[in-house]
Amino acid sequence: MNTNKRQEGFSLIELLIVVAIIGIIAAIAIPNLLASKRAANEGSAIASVRTVTSAEATYQATTGAGSYGSLANLNTAGLVDSALSGSTIAAPKSGYAFAAAADATTPNSQYFVTASTAVASGIAATGTRNFAADATGVITWGAASTTAMSALGTPIN
């Protein structure tokens, strides 16, 4: 009978060291991944605001007969997709809710489109900036999406 058994495998110390190394790597990588996701969401929001701005100009010149329309009008005319026109805080597109409407104070001559973050802070934040544009075509960003932000916000580069 052979009483000398050969034991193979990793010791508990070796396994704990590996787990600690994986934890350190995760602690470094996860915040960078979340920041990248927020930046990608903001890029998507800017592109979507630009799409709505172009769609509004097309709508005014064609289907709208001189007036601007809402996101629902733009979707019905086939100028924006349903993911963009149906985005809300409850059902955001890339972490942003979008709204667009003709300005009631100056009928038919102005519109306003906004992109608001669905979650503005914390680890689950979908973006750090809100975006807006009007008939001038300048996309601005600020802390809150309001009609004043279009005139007073910071233009994006």
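Where a number appears in this text, it was derived from the coordinates with a stated rule and is not lab data. Worth saying up front: this structure is predicted, and the values here are computed from it rather than measured. FYI the Cβ positions are ideal-geometry reconstructions off the backbone, even for glycines, and counts take in every protein chain you see.
Annotation: extensible slack from residue 120 through residue 138 equals 4.2 nm (criterion: 0.36 nm per residue apart, minus Cα-Cα distance).
Taking amide hydrogens as placed 1.01 Å from N in the peptide plane, the amide H of residue 96 sits under 5 Å from those of 118, each at least 5 positions away in sequence or on another chain. The Cα center of the stretch 61-97 and the Cα center of the stretch 1-57 differ in position by 35 Å.
Report the percentage of all Cα-Cα pairs in the chain whose separation exceeds 21 Å, rounded to a whole percent. Summing the P(r) tail past 21 Å for the chain gives 54 percent.
What net charge is computed for the residues neighbouring residue 100, neighbours being all others with C-beta under 15 Å from the C-beta of residue 100, Lys and Arg scored +1, Asp and Glu -1? Neighbourhood net charge equals -2.
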